[in-house]
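Okay, structure first, notes after.
Values quoted throughout were computed directly from the atomic coordinates according to the rules given, and no laboratory measurement underlies them. Because the structure is predicted, anything quoted here is derived from the model rather than measured. Using ideal geometry, Cβ is built from the backbone for each residue, glycine included, and neighbour counts are taken over all protein chains shown.
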Amino acid sequence: MKYHSYTLYNFMKMPQVEKLTASQQRDIEVVGNVLPFKASSYVVDKLIDWDNFEDDPFFILSFPQREMLTSKNYAEIDDILKREGKSEALKRKVEEIRLSLNPNSSGQSHNVPKFEGNSLKGVQHKYDETMLFFPVEGQTCHAFCTFCFRWPQFTLKEVKFSLRDTNPMIGYLKDHPEIQDVLITGGDPGIMKTKIFEKYFRELTESGISHLHTIRIGTKALTYWPQRFTTDDDADDLLRLFENTVKKGINISIMAHFNHPRALETPEVETAIKRLLSAGVQIRSQSPVLKHINDSSDVWATMWRKQVDMGIIPYYMFIARDTGAREYFAVSLEDAFNIYTDAYRNVSGLCRTVRGPSMSCDPGKVNIIGLTEVQGEKVFVLRFIQGRNSDWVNQTFFAKYNPNAYWISDLEPAFGEKEFFFTKELQEMYKG
Ligand SMILES: *Cc1c(COP(=O)(O)O)cnc(C)c1O
Ligand code: SF4
């Protein structure tokens, strides 16, 4: 299969579009003007069950749904499109709605490190042992997820950050012996040509950085375009690069996004996983818990079991961030905790390498580990998996039970405390 994709501009040419009613087609057009979408030919032809597309997780993941906009915003776009079509007015309204969707959530811009006095754009160093790197060539995806919290990077120029010249990054790495792994992320770096991977890998592995143990690659290619590792023109070269890097003693870990067990069932993904594993690559899986997609403990238990059968290590269940079409996908902290607990209880210990549900928020990665009662007060028990200050890691704290909490910002300290133990220090960090 050759890669091609469907977007706002050509989805009406998709053979399957005739399954949609006129009003469903209209919804895609209206919402798609605000929330960019892109569905790969693989998603459209192999993953979506078109006989039942309205409830299909991959359809909802790939095509905008009417309820992803407020009815007010929907009506505004619908109206402008009818009256003026593509126009300045449309552009302005789209921009306005996008900005109202909190595009740069959770302080992404606060984590940019400095080298020799200059800000290292395209790099984040939030947790001591891991450095994130956003190569400019990896800032798009094989398909866009409708829940994506990074879409502003593709659509709003002012929040785009990436790196072309890697010398300062290599210099920074040399100066920071605490960094053990580099996480190449995006967008989806899986979209990069092998030649680009070779360039970055060469610099990372041949610059004498002996404290670099692992290169992680955050990619959704296994879900949206497994051919990246099988039949693409430069797939064999990529596998060879991975194999040679592992032979040099550097681990490669694919941080794969799998939102639903059905993404693990095609012959294409099976082959891709086998090839990666035989090249010595580790595969870990992570996904947000999302309404309409995977808000069921059965789905998660099935997914973790299947992953372990296939040689993948379950790693994280995330809470969806406060951005984009968040309301549509949002699962409350309580529901997320219950889904996680139910699924966890029903799988073997081999699947219990997973952690969650976890929020990647300003203070760090915060795991909901309990919902309980302490001396008559119902509370959430929370724990730091990662912390802006590494002293916070593995510390627990308590928040008042709130059935309508969807994010850490909805939580208040329990037991009449004024603030959480980390609040002051975090505020200081932001000032500094
Ligand atoms: C999740 C995450 C990491 C990696 O954390 P691990 O727990 O080591 O997987 C690094 N940086 C950011 C910003 C993250 O959200
Ligand atoms: S693969 Fe990741 S970055 Fe790309 S659209 Fe999906 S969530 Fe966003």
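Efficiency by 1/(1 + (r/R0)^6): what FRET value for SER296 and ARG92, r their Cβ-Cβ distance, R0 = 51 Å, to the nearest 0.05? Write out the running numbers ahead of the final one.
On the way: r = 40 Å, r/R0 = 0.78.
The pair SER296/ARG92 has a calculated efficiency of 0.80.
Write down the Å³ per residue value for the convex hull defined by the alpha carbon atoms of the range 5-99. Walk me through the numbers on the way to the answer.
Values: hull volume 9.1 nm³, N = 95.
That works out to 96 Å³ per residue.
Along Cα→Cβ, 7 Å out, is where each label goes; now give me the distance between the ones at ASN102 and LYS13 in nm to one decimal.
The modelled label-to-label distance comes out at 3.8 nm.
Need one number: % antiparallel among DSSP beta bridges in the range 105-331, to the nearest 5. Please report the intermediate quantities before stating the final value.
Values: 5 of 31 bridges.
Just about 15 percent of them are antiparallel.
By the scheme Lys and Arg +1, Asp and Glu -1, what is the net charge of all other residues having a beta-carbon under 15 Å from that of LYS13? Display every interim value, and only then the final one.
Values: positive: LYS19, LYS38; negative: GLU18, GLU29, ASP45.
My count for the surroundings of LYS13 gives -1.
Given springs between every Cα pair under 10 Å in a Gaussian network model of the chain, which of SER253, SER296, SER87 has the largest fluctuation?
SER87
When we measure straight from the Cα of LYS126, which aspartates and glutamates land under 13 angstrom away, once same-chain ones fewer than 8 places off are left out?
GLU178, ASP181, ASP362
Normalised by the number of residues in the chain, what is the relative contact order in percent for Cα pairs under 8 Å and 6+ residues apart?
Values: 779 pairs, mean separation 50.0, N = 432.
Value for the chain: 12 percent.
Classify the range 224-364 from the C-alpha gyration tensor, please: rounded if a/c falls under 1.5, else prolate or oblate depending on whether a/b exceeds b/c.
Working: a/c = 1.89, a/b = 1.79, b/c = 1.06.
Because a/c hits 1.5 or more and a/b exceeds b/c, the range 224-364 counts as prolate.
Provide the percentage of antiparallel DSSP beta bridges, counting only those with both residues in the chain; round to the nearest 5.
On the way: 29 of 57 bridges.
Roughly 50 percent of the DSSP beta bridges within the chain come out antiparallel.
Suppose each label sits 7 Å from its Cα in the direction of the beta carbon; what would the VAL246-SER409 distance come out to in nanometres?
4.1 nm
Mind scanning LYS19/LYS291; LYS365/LYS418; LYS306/LYS365; LYS13/LYS220 and naming the pairs with a C-alpha gap bigger than 29 Å? It would help to have the intermediate numbers written out before the result.
Working: LYS19/LYS291 24 Å; LYS365/LYS418 22 Å; LYS306/LYS365 26 Å; LYS13/LYS220 25 Å.
Pairs exceeding the cut-off: none.
Could you tell me the center-to-center distance, by alpha carbons, between the range 356-428 and the range 283-344 in angstrom?
Centre-to-centre (Cα) distance: 20 Å.
Just to be sure I understand: with springs between alpha-carbon atoms less than 10 Å apart, which residue in GLN307, GLN16, GLN282 has the highest mean-square fluctuation in the Gaussian network model of the chain?
With Cα springs under 10 Å in the chain, the top fluctuation among GLN307, GLN16, GLN282 is at GLN16.
From the square roots a ≥ b ≥ c of the eigenvalues of the alpha-carbon gyration tensor of the chain, which class results: rounded (a/c under 1.5), prolate (a/b over b/c), or oblate?
On the way: a/c = 1.30, a/b = 1.07, b/c = 1.22.
Here the chain falls in the rounded category.
With springs only between Cα atoms under 10 Å, which of SER285, SER40, SER210 fluctuates most in a Gaussian network model of the chain?
SER210
Give the shape of the range 331-432 as rounded, prolate or oblate, defined through the alpha-carbon gyration tensor: a ≥ b ≥ c are the square roots of its eigenvalues, a/c under 1.5 means rounded, and otherwise the shape is prolate if a/b is larger than b/c and oblate if not.
Values: a/c = 2.05, a/b = 1.34, b/c = 1.53.
Here the range 331-432 falls in the oblate category.
Tell me the net charge near HIS257. Cut-off is 11 Å between Cβ atoms, HIS257 excluded, with +1 for each Lys or Arg and -1 for each Asp or Glu. Numbers along the way, then the final one.
Numbers: positive: LYS220, ARG284; negative: ASP188.
Its environment carries a net charge of +1.
So what's the back-of-envelope 222 nm ellipticity for the chain, counting only DSSP H runs of four-plus at -39500 (n - 2.57) apiece and dividing by all residues, rounded to 500? The partial results should precede the final answer.
Working: 14 runs with 139 residues, N = 432.
Calculated from helices alone, the mean residue ellipticity at 222 nm is -9500 deg cm²/dmol.
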